[in-house]
1. Would you be able to say whether some residue in the stretch 38-53 is over 19 Å from C115 (Cα atoms), out of contact with any Pro (no Cβ under 9 Å at 6 or more places or on another chain) and either part of a helix (DSSP H, G or I) or modelled with pLDDT of 95 or more (or both)?
2. Can we say W105 is open to solvent by 20 Å² or more (accessible area, probe 1.4 Å) and modelled with pLDDT of 95 or more?
3. Quick one: L124 ticks every box in (1) surrounded by 14 or more Cβ atoms within 10 Å (Cβ to Cβ); (2) on the phi > 0 side of the Ramachandran plot except a single one, so which number is it?
4. Could you tell me whether any residue of the stretch 74-86 is within 27 Å of I226 (Cβ to Cβ), touching a residue at least 60 places away in the same chain (Cβ under 8 Å) and either part of a strand (DSSP E or B) or more than 16 Å from the chain's Cα centre (by Cα) (or both)?
5. Confirm whether L66 is open to solvent by 30 Å² or more (accessible area, probe 1.4 Å), out of contact with any Leu (no Cβ under 6 Å at 6 or more places or on another chain), of a type in the set (A, V, I, L, M) and over 29 Å from E182 (Cα atoms).
6. When the residues of the stretch 143-199 are narrowed to those that are of a type in the set (A, V, I, L, M, F, W, C), open to solvent by 30 Å² or more (accessible area, probe 1.4 Å) and free of Cβ contacts under 8 Å to residues at least 60 places away in the same chain, which ends up farthest from N103 (Cα to Cα)?
7. For the subset of the stretch 203-221 comprising residues that are closer than 21 Å to A17 by Cβ and charged (D, E, K, R), which member is most open to solvent (accessible area, probe 1.4 Å)?
8. Consider the stretch 187-235. How many of its residues are farther than 15 Å from R113 by Cβ, modelled with pLDDT under 95 and of a type in the set (K, R)?
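The values are calculated or read from the model by the stated rules, or taken from the named source; none is laboratory data. Just so it is clear, the model here is predicted, and its values are computed rather than measured. Reconstructed Cβ throughout: ideal geometry from the backbone, glycine too, with neighbour counts over all protein chains shown. Surface areas here come from the heavy atoms of the whole protein model, side chains and all, with no ligands, DNA or RNA. Shrake-Rupley method; radii C 1.70, N 1.55, O 1.52, S 1.80 Å.
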Amino acid sequence: MIKNQANNNLTAIVVAAGVGSRMGDKSPKQYKKIGTKTMLELSIDALLAEPRITRVIIVVSPSDMLAQSLNFDNDAVTVARVGGLTRASSVQNGLSYAAFTSNDWVLVHDAARPCLLPSDVSKLIDTCIENDKGGLLAVRVNDTLKKESDHGTASHTVPRDGLWAAQTPQMFKAFDLIDALEKAGESVTDEASAMEKNGCSPLLVEGTETNIKVTRPTDLWLAEAILDKRNKGLK
């Protein structure tokens, strides 16, 4: 048994307040269907497959009525219409809504990552609790990276050694994350960035490359292919 796991309450906050403008569609991308379920539902299913997560809070825009029309059929799921103008503010509002107590942990996940594996969620939880330290799912960068010049040309190659691409969920002690986000402001693009600005060094927990973020239409096609293969028993 992972040490101290019985003393930790785990809440997942799913950020679903975006409008998905780069998808080229009027409806928010989290409500795009892959098969019979929306990306939001698939993301929540992956989190609820981990029994140590005792509640899931979906943060949506105050004007969003679609999430409440979905049937999650689970008392652990709550829809919170407290989303902000930025990702950071949505997470902050979700943290306030959750009303955490000391020693609680929170996992923050993007609704636009519907291919999350439950086994990666368990791996993240195990690693963070075992080390009593926050961390995030991430994968090593395989591509050669180029730094763009002011003229739109490649100025130089960025060494990829030691570079990781951040994913979600990202897991931290709730009070630590609340403090870090308050100090970092709304410019940070993920929770790990806020923690880094606050002097912390989050754990890098190697995830799976198929845990993609759906941002553009081609990403949706790729997510459909991944889940289709997975449903056929191919991971």
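1. Kept after step one, since they are over 19 Å from C115 (Cα atoms), are these residues of the stretch 38-53: 52.
Keeping just the survivors that are out of contact with any Pro (no Cβ under 9 Å at 6 or more places or on another chain) gives 52.
The next check asks that each one be either part of a helix (DSSP H, G or I) or modelled with pLDDT of 95 or more (or both); those that pass are 52.
The answer is yes, given that some residue of the stretch 38-53 is over 19 Å from C115 (Cα atoms), out of contact with any Pro (no Cβ under 9 Å at 6 or more places or on another chain) and either part of a helix (DSSP H, G or I) or modelled with pLDDT of 95 or more (or both).
2. On the way: open to solvent by 20 Å² or more (accessible area, probe 1.4 Å): no; modelled with pLDDT of 95 or more: yes.
So W105 fails the test.
3. Answer for L124: the failing condition is (2).
4. no
5. On the way: open to solvent by 30 Å² or more (accessible area, probe 1.4 Å): yes; out of contact with any Leu (no Cβ under 6 Å at 6 or more places or on another chain): yes; of a type in the set (A, V, I, L, M): yes; over 29 Å from E182 (Cα atoms): yes.
Yes: the conditions hold for L66.
6. Applying the first criterion (of a type in the set (A, V, I, L, M, F, W, C)) to the stretch 143-199 yields 145, 154, 158, 163-166, 171-172, 174-175, 177-178, 180-181, 184, 188, 192, 194-195.
Checking which are open to solvent by 30 Å² or more (accessible area, probe 1.4 Å) leaves us with 145, 154, 158, 163-166, 175, 178.
The next check asks that each one be free of Cβ contacts under 8 Å to residues at least 60 places away in the same chain; those that pass are 145, 154, 158, 163-166.
Working: L145: 39, A154: 47, V158: 39, L163: 31, W164: 28, A165: 28, A166: 25 Å.
The qualifying residue farthest from N103 (Cα to Cα) is A154.
7. Here the answer is R216.
8. Residues in the stretch 187-235 being farther than 15 Å from R113 by Cβ, modelled with pLDDT under 95 and of a type in the set (K, R): 3 in total.
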